[in-house]
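What follows is one structure encoded as structure tokens, with my remarks underneath.
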Amino acid sequence: MALIFVTTVFTRISLPKGGYFNLGDVFVMISAVFLGRYYGFFVGGVGSAMADLYMGYTYYAPITLIVKGLEAFVVALLLGDKGAKNSIKTAAAVAIGAFIMVAGYFIAEGYILSFVDKNLGLAAAVTNLPFNLVQGCLSGVTAFFLFKVMAKANLLQLDPRDI
């Protein structure tokens, strides 16, 4: 959770229409494999939401909790609690996780958060979409390669409590 929080806070770049770009998703995806679906949901969601609160994006925090939690849950569901040495399965899992993040924030900024912040809405969601896509792609690619490194080091074969 702390690694997600720190990575999110220290890789933050504010977006033009609210929200921010960060690479915390890398560790949301990695935590999903090491911790499983439910703990991954909790750690990914809470760690990311805490970063929102810390940086003053309070109205994003509940959305982030759900979006990042679902991202972790689905990655863990697709890869299993031992991880995947299969590159296609790993790539698909991180791509779907990234898609959940992008779609979640698009829906939130376009239709939900506009009730809280009048600067948000569909136009803001469209403006932020390319940044969220880059964040999802960079995080997904980075997580993919870290999964491969961890698989070669046999870290993904261990019980998470043994690491």
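The values are calculated or read from the model by the stated rules, or taken from the named source; none is laboratory data. Keep in mind that what you see is a predicted model, and the values were worked out from it rather than measured. FYI the Cβ positions are ideal-geometry reconstructions off the backbone, even for glycines, and counts take in every protein chain you see.
Miscellaneous remarks
- Only one entry of Phe73, Phe27, Phe34 meets the criterion of being over 12 Å from the mean Cα position of the chain (by Cα) and aromatic (Phe, Trp, Tyr), and that entry is Phe34.
- All conditions in (1) under 23 Å from Tyr38 (Cβ atoms); (2) surrounded by fewer than 17 Cβ atoms within 10 Å (Cβ to Cβ); (3) at pLDDT 90 or above hold for Met101, with the sole exception of (2).
Table: residues versus (1) closer than 14 Å to Tyr20 by Cα; (2) among the small types (Gly, Ala, Ser); (3) touching a residue at least 12 places away in the same chain (Cβ under 8 Å).
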site	(1), (2), (3)
Gly47	no, yes, yes
Lys89	no, no, no
Ala93	no, yes, yes
Ala123	no, yes, yes
Leu146	no, no, yes
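- Filter result for Gly18 (of a type outside the set (A, V, I, L, M, F, W, C), surrounded by 18 or more Cβ atoms within 10 Å (Cβ to Cβ) and more than 19 Å from Val141 (Cβ to Cβ)): yes
- Those residues of segment 36-73 which are more than 14 Å from Val102 (Cα to Cα) and of a type in the set (Asp, Glu), in sequence order: Asp52
- First in segment 125-141 and of a type in the set (A, V, I, L, M, F, W, C), second anywhere and at pLDDT 95 or above and not in a helix (DSSP H, G or I), Cβ under 7 Å, 6 or more apart: none
- Residue in segment 25-34 that is farther than 13 Å from Asn132 by Cα and touching an Asp or Glu at 6+ places or on another chain (Cβ under 6 Å) present: yes
- Out of Ile4, Ile96, Ile63, one residue alone is within 14 Å of the chain's Cα centre (by Cα), buried (at least 24 other Cβ atoms within 10 Å of the Cβ) and at negative phi. It is Ile4.
- Looking across segment 43-60, the residues that are among the hydrophobic types (A, V, I, L, M, F, W, C) and surrounded by fewer than 18 Cβ atoms within 10 Å (Cβ to Cβ) come down to Leu53, Met55.
- Helices (runs of 4 or more DSSP H) wholly inside segment 1-105 that include at least 3 residues being charged (D, E, K, R): 25-54
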